[in-house]
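Here the structure comes first, spelled out in C-alpha cells, and everything after it is commentary.
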Amino acid sequence: MSDLDRAIEQLRACRLIPESQVRELCYKARELLIEEGNVVSVDAPVTICGDIHGQFHDLMELFRVGGDVPDTNYLFMGDFVDRGFYSLESFLLLLCLKVRYPDRITLIRGNHESRQITTVYGFYDECIRKYGSANVWRYCCEVFDYLALGAIVLGASSELEPSGSNANDLTQSTIAVDDGELETEVLNSRGEVTMSSYRPRQRASSDVDTDTQDILPPRDISAAPSQTSAPTRTGAPGTGASGDGNGSSMTSRTGAVLCVHGGLSPLIDSVDKIRLIDRKQEVPHEGAMCDLLWSDPDEIEGWGLSPRGAGFLFGGDIVKQFNHQNGLSLIARAHQLVMEGYKEMFDGGIVTVWSAPNYCYRCGNVAAILELGEDTSNGGTIARSNGEYGRSNGLSGPSSVSSPGRRYRVFEAAAQDTRGMPAKKPVADYFL
Amino acid sequence: MASRYPVGPVGHATVSPEVKKPQSITVGGFRISTQKLPILKAEPIEEMTRQLGIAPPEMIFGDNHVTIEHQKSGWGIDFNAFDALDRVDKTGQSMLQVAHSKEWQQSREKTHEGIKDVVKPFDWSYSTDYKGTLSPNAPSFESTEKPIPIEILKRPDPIVFFDEVVLYEDELADNGIAMLSCKIRVMPARLLLLSRFFMRLDNVLIRLRDTRVYVDFETREVIREYQAKECEYEKVRQILASTRDDIPALMRDPNRLSEILQIVEKSSERIILDG
C-alpha cells in the first residue's frame, strides 16, 4: 500500500495526516493542477456536487449515496472549506483522491477557496487549532490558487436510463407517458425514485412540455425492509469513451454542460474567454474571475447589481443567450443554499446544486448531487458542441441542443459523532 | 400586512412529516411555548417573498417561534421571523454597502456602463427593530422608567424551562453575519426573554438590537426593554486590540461586543395584566 493510499484510508477515518505529508500532498496537487486549463473538460458519466463546507461526515454520506472514487467520476464545484468543523479532513481527502485518481475527480474553485475568506470563516482557525501553526493553511491556499475555474461536461445523454427495480414498482402504475424520454429523476438516499419527468421523443427542443409527476412526497418514504440496502447504481461506471469529434457526422443532441461555482460574468460571453484568464492568484475583488465565483442568478432581466454594493446578478435571458452562443444546454453551479438540495431555474437553463445537508449543523436542509449519464447513441463518439466546434458547423441551432437527462440524488445529514458540535438541546444559561 | 398571530406556521402545509410539537410549559398562569423546525422550503419561501416584498434571508426559520401567553387576560406576545422581517426597511434608504464595494464599483465603471441598476434595493442586512408581536386584543404597554430587575435575575434560581430559537440568519454573501435569535429562561417566579438581532458587516459596522421581556408571575407585571447599539467595525477592532484576547473570536461574540458598542436607541415599557 502506498503512502497515498494510507493517507486516504486515514483521512476517510477522519484522522489527519502529518504536516510533512500535507506539504508533499499539496506540492503534488499543484503540479497536477497547473497542467489543467481554466476550464477542465470532463466526459460524462459524471456526478456533479455543490458546496461541502467542511461537513466531513456528510461528504462520506455523499460518497455512500453517489458511489466511491474511482468507481464514480466526480466533479466538485468548490467551497470545500469553512463553516463546518472538518474543513481540513474534507479538503485533504478530496485532494488525496485528486492526486491518486486525477481522471476520476475534478475540483474547481469556490469563493471560499481564498486566503481572505478562510481567515474569517473558520478554515484558518481550524488549521491553527489542529496543526498548531499556519503552515498547513498556507500550503492549502497555494493549492487553491491553482484550482480550475470551471469545467465543461461533454457527451452527456439526453435520456436517463430508468432507475433500479425497487423504483419501478412504484412508478409503473403512475406513469403513462407513451414513448417518452426520461428527462429528470429525483432519488432519495435509499435509491428510491420520488419524482420523474418525461419529455416526448423526437422533439428535441429544450422547451417542450414536460410531464412531471410526483410519485412520492420527497421525504415521506417508508421503505420495505428489503429496500434499505445501498442505493441502486445506474449507468455503468467507467471511463467515458474519449472520441474527439473527428469525422462525427452530427453533433450530439445534448449540448455541453458548464460547471462553475457562482455564475456568469458580464465580461465573459464565451467559454473561450474563461480560458484566457490568468487564474493563478488569490481570488480578486474585481474582474471576470471574481464574478465566476461570486455571482448569482436572479429573476430579473439582463444584468443587475447586488444591493450589497458588490457582485452581479443575472437573469434568464442572459443564461439563455450564453447557453445558445456556446452550444450549452445547462449551467450547473453551487454557491447558494437551497433547501431541496437542487434548484432549476430559467426553463432548466441553470441549476443550483447544494451538497451540504443540515448546513452549519442547524438548517435542517437536504443536499443533492447531480448525475449526468453517458450518451452512447453515437457509438460513444463525443461531439464537441462546447463553443469550440459547435458554432461553426451550422448544425447546433437553438432547437438542436437538448438538455441532458438529470438524475438528482437527494440525501440527508449523516448521523455522526457529535463531539464539538453545537448541542442540539441548548444549555440553560443565566443570560441577562 | 397580516400578522402571523395567533401562532400557526407559515409553511404549515409543507412542513416535513417529522414535525415536532412545540415545547411548552405553564407557570403561574403563563403559558410559554417554543418551536424549532428546519429552514423553509422553496415554496413557502416564495410565498413569504411575495408577502414581504423583499427576498428573505438565506436561512429562514419561518416555522420557529417563541410565545408567552397569559391565559386569564388573553395577553400574549410572540416572536417570529415573518413579523420581524416585515419591519426591515424595504426601500433601500438605510442600505449599507460591503467593505470592498467602492473598489468593486470603480473597477467596473469603464467596462459595464450599461449595468447601473441595483436589483430590488432593500436593507439586505435585515436589521429589524422588532419587539415581538402582541396578541390582537392585548392592552397596550405604557412607557416607564422602571428597569428590569437585573439583580434579581442574577440570582441562580432554578431554571424550569429554557430554549434558544433562531428566527433567521444570513451570511451577507460572506461579508459578515446577520442573525435574529430568541432566548428564554423561566424560573419559578419570573421569566426573561431576550430577542437579539446581531449584525456584523466585516470592516464596516457592528450592530446589536436587543428586546428583553421580563414577566413577574405573582404581580403579573411585564416590562419590555428595547436597546439598539452599534459601532464602526474598525473602532471595535481597535478597542479589542488592547486586550490580549483572540480578536476574531470576540468579533463573533455578541455578548462581548455588547459591552463595547454604544447605545443609539433605548425605550422601556410596562404593563400590569388583569388577574
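The values are calculated or read from the model by the stated rules, or taken from the named source; none is laboratory data. Bear in mind the structure is a predicted one, so any value in this text is a computation, not a measurement. Ideal geometry is used to build each Cβ from the backbone, glycine not excepted, and the neighbour counts take in all protein chains shown.
Selection within region A:106-147: residues that are in contact with a Pro (Cβ under 8 Å, 6 or more places away or on another chain) and among the β-branched types (Val, Ile, Thr). The member of this set that is modelled with the highest pLDDT is A:Thr119. Checking each residue in region B:79-119 for being out of contact with any Gly (no Cβ under 6 Å at 6 or more places or on another chain) and at pLDDT 90 or above picks out B:Asn80, B:Phe82, B:Asp83, B:Ala84, B:Leu85, B:Asp86, B:Arg87, B:Val88, B:Asp89. For region A:270-300, residues that are over 20 Å from the mean Cα position of the chain (by Cα), under 18 Å from A:Lys320 (Cβ atoms) and facing another protein chain (nearest Cβ under 10 Å) total 2. Among the candidates B:Thr26, B:Thr34, single out the residue that is part of a strand (DSSP E or B), more than 14 Å from every other protein chain (Cβ to nearest Cβ) and at pLDDT 90 or above. One residue alone meets the criteria, B:Thr26. Look at B:Leu192 and say whether it is more than 13 Å from chain A (Cβ to nearest Cβ) and under 19 Å from A:Asp429 (Cα atoms). Against the criterion (more than 13 Å from chain A (Cβ to nearest Cβ) and under 19 Å from A:Asp429 (Cα atoms)), B:Leu192 does not qualify.
For region A:117-154, a residue qualifies if it is among the small types (Gly, Ala, Ser), touching an Asp or Glu at 6+ places or on another chain (Cβ under 6 Å) and within 14 Å of chain B (Cβ to nearest Cβ), and exactly one does: A:Gly122.
Do the conditions hold for B:Thr243, that is, is it exposed (fewer than 14 other Cβ atoms within 10 Å of the Cβ), on the phi < 0 side of the Ramachandran plot, outside any strand (DSSP E or B) and modelled with pLDDT of 95 or more? Judged against the criteria, B:Thr243 is not a match.
Taken over region A:88-114, the residue count meeting the criterion of being in contact (Cβ under 8 Å) with a residue 40 or more places away in the chain and either among the charged types (D, E, K, R) or within 19 Å of A:Leu293 (Cα to Cα) (or both) is 14. Condition check for A:Val99 on (1) modelled with pLDDT of 95 or more; (2) over 27 Å from A:Ile350 (Cα atoms); (3) touching a strand residue (DSSP E or B) at 6+ places or on another chain (Cβ under 7 Å): one failure, at (3). Among the residues making up region A:93-125, those that are of a type in the set (A, V, I, L, M, F, W, C) and within 18 Å of the chain's Cα centre (by Cα) are A:Leu93, A:Leu94, A:Leu95, A:Leu97, A:Ile105, A:Leu107, A:Ile108. Within region B:216-254, the set of residues being over 24 Å from B:Ala178 (Cβ atoms) and free of Cβ contacts under 8 Å to residues at least 60 places away in the same chain comprises B:Asp216, B:Thr219, B:Glu221, B:Ala241, B:Ser242, B:Thr243, B:Arg244. For region B:170-189, how many residues meet the condition of being within 8 Å of chain A (Cβ to nearest Cβ) and at pLDDT 95 or above? Number satisfying all stated conditions: 2.
If you go through region A:303-321 and keep only what is farther than 11 Å from B:Ser101 by Cα, of a type outside the set (A, V, I, L, M, F, W, C) and at the interface with another protein chain (Cβ under 7 Å from one of its Cβ atoms), you end up with just A:Gly304. Among the residues of region B:152-165, those identified as in a strand (DSSP E or B) and more than 7 Å from every other protein chain (Cβ to nearest Cβ) are B:Phe161, B:Val165. Within the set A:Glu299, A:Glu286, A:Glu340, the sole residue that is out of contact with any His (no Cβ under 6 Å at 6 or more places or on another chain) and farther than 25 Å from A:Arg406 by Cβ turns out to be A:Glu286. Would you confirm whether or not region B:208-220 contains a residue that is within 21 Å of the chain's Cα centre (by Cα), assigned to a strand (DSSP E or B) and acidic (Asp, Glu)? Yes; the residues of region B:208-220 include at least one that is within 21 Å of the chain's Cα centre (by Cα), assigned to a strand (DSSP E or B) and acidic (Asp, Glu).
Please verify whether region B:197-208 includes one or more residues that are within 11 Å of another protein chain (Cβ to nearest Cβ) and within 18 Å of B:Thr133 (Cβ to Cβ). Among the residues of region B:197-208, not one is within 11 Å of another protein chain (Cβ to nearest Cβ) and within 18 Å of B:Thr133 (Cβ to Cβ), which makes the answer no.
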